[in-house]
Amino acid sequence: METRHRLSSRMLQWLKRSVTQAESLLSSRQSSCIACGALYSGARELPLCDGCAAAVPWILQVQCSRCGRPEICTDCSRRTDTYFVQNRSAVSYSPLMKEWLAMYKYRGHEKLRSLLGRMLLHAYHLHKTAALQGSSSGATRELITYVPLSGERRLERGFNQAQQLAEDLGGSLSIPVIPLLARVRHTAKQSFKTRGDRLDDLQGVFALLPESQKALQDLLHFSDITLYIVDDVYTTGSTLNECARTVKAELPNVAVYGIGWAR
């Protein structure tokens, strides 16, 4: 009788351990959504719950071949001088995407960096799709850079979101990320300005970093260069176009493309 009691006690202990281990295993497979904090199970390409993943407004069909807009574009038709080949963005700038970007840039939600950086892969692949559909010039050396912040804005925010997103994209693609541009004059936030004011305000605001310029000039002796300039939001394209104009003024043989998180 005592032997049976011992066996029963051991069996009960074993069952308890097994249940605890199973619960622990199931719990470890649950993850928290980076955007809203909801729990979800299973491995996913993006760390989002079902609701947040379904709400992402991916740009799947491009209407404007220049800026990558999913609707008919009037900005590109009004621009007389365009210095970049094309821009592609990952998502439309919906209210939810504005909220995500604000959480990342202004509220210290640093975990969103990896999410937004991974989402940029979609914009990069849209470039590749366009190249396959058009007349691709063949293999070139790909490099990534980013829209710079002024010293004042960097001190205010503590980081350059475009640089961080570029570094994450470059790491995912194994493409070198280089600091190429400097902002030599502080400007007020572009989001509060009209299209005309943006154009006037950005004249001469960027310059090439001498060491990076020299490195690209040397590289051009051996290879064509495709340069991707990363920014968080493409609005009218004024910032990207001025960055591209600055690059092309000194490095006319570099093909400049834009990669934006949102359009």
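Listing for the model above:
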quantity	calculated
Residue in the range 77-102 that is nearest to L165 (Cα to Cα), counting only those that are open to solvent by less than 30 Å² (accessible area, probe 1.4 Å) and assigned to a helix (DSSP H, G or I)	L101
When residues of the range 181-201 are limited to those that are modelled with pLDDT of 85 or more and within 19 Å of G237 (Cα to Cα), the one surrounded by the most Cβ atoms within 10 Å (Cβ to Cβ)	L181
The range 210-237 - residue that is in contact with a Lys or Arg (Cβ under 6 Å, 6 or more places away or on another chain) and open to solvent by 10 Å² or more (accessible area, probe 1.4 Å) and, of those, farthest from V91 (Cα to Cα)	S223
Residue pairs meeting the criteria (Cβ under 6 Å; at least 6 apart or on separate chains; first more than 16 Å from I259 (Cβ to Cβ) and assigned to a loop (DSSP other than H, G, I, E, B), in the range 108-119; second open to solvent by less than 60 Å² (accessible area, probe 1.4 Å) and of a type in the set (V, I, T))	K111/I34
Options E152, E156, E250; residue that is modelled with pLDDT of 90 or more and more than 26 Å from H125 (Cβ to Cβ)	E250
The range 211-225 residues that are over 13 Å from P252 (Cα atoms), paired with ones that are open to solvent by less than 50 Å² (accessible area, probe 1.4 Å) and in a loop (DSSP other than H, G, I, E, B) (beta carbon under 6 Å, 6 or more apart)	S212/I178; S212/L180
Cross-chain or 6+ apart pairs with Cβ under 8 Å, the range 37-49 first and under 20 Å from H109 (Cα atoms), then modelled with pLDDT under 90	L39/Q30; Y40/Q30
Condition met for S9 (at pLDDT 65 or above, surrounded by 10 or more Cβ atoms within 10 Å (Cβ to Cβ) and touching a Phe, Trp or Tyr at 6+ places or on another chain (Cβ under 8 Å))	no
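The values are calculated or read from the model by the stated rules, or taken from the named source; none is laboratory data. Small disclaimer: the values here were computed from a predicted structure and weren't measured. No Cβ is skipped: glycine too gets one built from the backbone with ideal geometry, and neighbour counts run over all protein chains shown. Keep in mind that these areas ignore ligands, DNA and RNA; they rest on the heavy atoms of the full protein, side chains included. Shrake-Rupley method; radii C 1.70, N 1.55, O 1.52, S 1.80 Å.
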